1. Please give the number of the condition residue 21 fails out of (1) at positive phi; (2) touching a Cys at 6+ places or on another chain (Cβ under 8 Å).
2. I'm trying to understand the selection: among the residues of segment 52-81, which are small (Gly, Ala, Ser) and either modelled with pLDDT under 90 or in contact with a helix residue (DSSP H, G or I) (Cβ under 8 Å, 6 or more places away or on another chain) (or both)?
3. Across segment 1-37, which residue is surrounded by the most Cβ atoms within 10 Å (Cβ to Cβ) among those that are among the hydrophobic types (A, V, I, L, M, F, W, C) and not in a loop (DSSP other than H, G, I, E, B)?
Amino acid sequence: MDGEWEPAQIDNPLCQSAPGCGEWKRPQKRNPNYRGKWRAPQIDNPTYSGVWGPRKIPNPDYFEDKEPYKMTPIVSSNYGSV
C-alpha cells in the first residue's frame, strides 16, 4: 500500500577516517607491453579494381511513369474498386 520498500541510507561512522572506505574503484594493474588501442593494419590489395558499380546495359523497352497518380483505377468484379 505504501509503495516499494527502500532501506534507509545510514553512513558508517567507523568508515569516515579509515583507508579503503568510500566509493569503490576497480584496481588497475600496470601493463608494460601495452601499446595503445589496437587498429587493423592497412595492407595493399593487388586485385583491387576500384569502387564497384553495376554493369550498364541498354534496355530499349524501359518506361518510367512520371505521373503514376493519373493511372486509371483498377476495378475488380468481386471486390469493387481497389
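1. Unmet for residue 21, out of (1) at positive phi; (2) touching a Cys at 6+ places or on another chain (Cβ under 8 Å): (1).
2. Matches in segment 52-81: 76, 77, 80, 81.
3. 15
The values are calculated or read from the model by the stated rules, or taken from the named source; none is laboratory data. These figures come from a predicted structure and were not determined experimentally. With ideal geometry, Cβ positions are generated from the backbone for all residues, glycine too; neighbour counts draw on all protein chains shown.
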